[in-house]
1. Checking the a/c ratio against 1.5 first, then a/b against b/c, what shape does the Cα gyration tensor give for segment 229-332?
2. Filter the chymotrypsin sites (Phe, Trp or Tyr not before Pro) in segment 58-131 to those in DSSP coil with at most 14 other Cβ atoms within 10 Å of their Cβ, and list the result.
3. Please list, in order along segment 514-526, the HN-Hα scalar couplings obtained from phi with the Karplus expression 6.51 cos²θ - 1.76 cosθ + 1.60 (θ = phi - 60°), rounded to whole Hz, x for Gly and Pro.
4. In Å², and per residue, what accessible area does segment 120-256 have when probed at 1.4 Å with the other protein chains present?
5. Multiplying the sequence separation of Phe513 and Ala328 by 0.36 nm and subtracting their Cα-Cα distance, what value in nm do you get?
6. Order the peptides 381-393, 220-232, 313-325 from the highest to the lowest mean number of other Cβ atoms within 10 Å of their residues.
7. Could you work out what % of the accessible surface of segment 252-320 is carbon and sulfur, using a 1.4 angstrom probe and leaving DNA, RNA and ligands out of the count?
8. Let a ≥ b ≥ c be the square roots of the eigenvalues of the Cα gyration tensor of segment 137-260; is it rounded (a/c under 1.5), or, if not, prolate (a/b larger than b/c) or oblate?
Amino acid sequence: MHARLDSDVVIMPHDSSQDNGVQTNQYSSIAPAASPVAQEDPFTTYFEEKVPIPENVNQIFSFRKLWAFTGPGFLMSIAYLDPGNIESDLQSGAVAGFKLLWVLLGSTIIGLLLQRLAARLGVVTGMHLAEVCNRQYPTVPRVILWLMIELAIIGSDMQEVIGCAIALNLLSVGRIPLWGGVLITITDTFVFLFLDKYGLRKLEAFFGFLITVMAVSFGYEYVLVNPNQGGVLKGMFVPYCAGCGSQQLEQAVGIVGAVIMPHNIYLHSSREVDRKNKKDVKEANKYFFIESAIALFISFLINVFVVAVFAQAFYNKTNMDVNAECNATGSPHTDLFPLNNDTLQVDIYKGGIVLGCFFGPAALYIWAIGILAAGQSSTMTGTYSGQFVMEGFLNLRWSRFARVLLTRSIAITPTLLVAIFQDVRHLTGMNDFLNVLQSMQLPFALIPILTFTSLTSIMNDFANGLVWKISGGIVILMVCAINMYFVVVYVTSLNSVLYYVLAGFISVAYLCFILYLVWHCLIALGVSCLDFGSRVRNQPAVLIEEQSEYDS
C-alpha cells in the first residue's frame, strides 16, 4: 500500500539501505517537483542560499555548529515583536499590571513548540509548510488555505505600516503627518527588500541589528521606570489574576492572539543539511531548536520590558492623572486625555506620549525608535513569508518586486485612507480589528503543521510520537478556542444586527473548512476509522527519484 499524494510525486514502499555503514535512508517522502519555471527563473529568494555546516565536530554540543545554524530563529522571532504585539503588551500592563506576564510566558513557550514542528518539517522534507500543503491537499482547499494566510499577512502588514507611521510622526514631533509616514514606509520597505542580494548571513545580521535596537530602546525604558522586580517575577510565574474581570480576560486573550502569528509558521529555515543521513537530520533539528529557544527568549524579554514599564507607571492611572502630568510638563497632547476618572486607555501612539509626559522627551523618542525598528523588521519577515506562501501553495514564482507591490498595495490602501481622513486615534484603533483577523487565521497554520509532522509517510522516523500528538492537539485546540473567544467578544461589541447576521454566515463557512482540516489531522494522528476518501495516509513511503536531482 502506498501513500496517496499528488500525481507529480512518485512514491514506493519505505526501504532502508546501508552504504558502507552509513545510513542512506531518504528522510523525505515528498520532494519539490522539478518545475521548468523554477529552473529558468533567474531570480533567487532568501532561503535559496545554503549556509554550510562545519564538519568533523564530534562533541555533543558545538558552538561552531550553533553559530552556523544561528539566524533563521531570530528572523522567525521578529514576528513576536511586531507593533501589534507591542501594543498588546502595553495595554495588558496598563489594564492588569504584572498579572498577565504568565500568559505572555505561556504563549511564547507554545510558539516555540509550534516553531519546532515547523523547523522539523523543513529539515526532514527540505520544504516549508506551504509546499507540503500544495502536495497533500486537493486544489480547492489549497487555494482557500492560501487566501486565508494571505489575509493574515496583509493584516499583519497593515499593523506594521501603522506602527512605522506612528513612530515617524512621534520622532518628527508631528511634522511628518501620518499619511506621509505611510508613504515613507512603502518606499523604504522596497529598499530594505534588496538587502538579501548581499548574502544570507549579512541579511540575518541586519535582522539581528534591528532586534538589538528594540532591546536597547525598550530596555532603556525598563531601567528608567525601574519596575518592582518582585512583581515582575510573581506575574511571570504565578498563573493567577487576582481581582481580574472581563477587561483583563480580553487582554489575556489578546496576548495569545498577538504572540502566535499564523503566517510566521510558514517561514522555513535553510541550511546545508544532508537529508539522506539520519544523524545529520537529527543534529539539525537539535541546533534549530536551541537557536529558536534563544531567539524567542530574547523576544520574550523585550516583550516583558514593555509590559513591565506600563504596569509599573500607568496601572490604575486615570485620564485625569495623565492630563494633569502632561499639563505640568507642557505637553501639547493633553487633549488626548479627557478630564474624567476613566481608566487610562493606551495604544502605541498614546504610550509614547505618556512616557514623554512622565519621564521626559528622551523616553518618547527612544520609544519611537524601538517601534520603528519593530515595524521595519516585521515588515520584511512578512514579505518573505508571503513570497514562500504564494510560491508554495500556487507554484507561482513572482519576483520580489511584483510580490511586494501586490500585497503592499492591498495593505497600504485602507491604511492610507484612514491616515489621510482620520487622526492617529482612529489609525491605532484598527489594531483591534486586525488582531481579530489574524486570530481567525491561526487554525490554517496550526492544524496543517500538526497533521504533516504526524505523518510517517512524510516524516518517517521523525514523525511526532504519541506525547507530541496529544500535547500538540491540546495546544492547538486551546489556542484556537481562545482566539475564537476573542473574535466573539469583538463581534458582540459591534452592537449591530447586520454584523451579527454577516458574522453568522461567515462562521458557518469558516467552521466547515476547519472541520475539513481537523478530519485530515485526526487521520494523521491515528484515528483510522475516519479514513474514508481522505488523501492523507500514514504509511511509510519514499521517493524513487534521488533527492539530489531536485536540490541541484
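1. prolate
2. Phe61
3. So the Karplus estimates, Gly and Pro as x, are 4, 5, 4, 5, 5, 4, 4, 5, 5, 5, 5, 7, x Hz.
4. 40 Å²
5. Extra length from Phe513 to Ala328 when fully extended: 61.0 nm.
6. 381-393, 313-325, 220-232
7. 60 percent
8. Since a/c reaches 1.5 but b/c is at least a/b, the shape of segment 137-260 is classed as oblate.
The values are calculated or read from the model by the stated rules, or taken from the named source; none is laboratory data. If you're wondering where the values come from, they're calculated on a predicted model, not measured in any experiment. Here Cβ is always computed from backbone atoms with ideal geometry, including for glycine, and neighbour counts include all displayed protein chains. Just the protein is used for accessible areas: all its heavy atoms, side chains included, with ligands, DNA and RNA removed. Shrake-Rupley method; radii C 1.70, N 1.55, O 1.52, S 1.80 Å.
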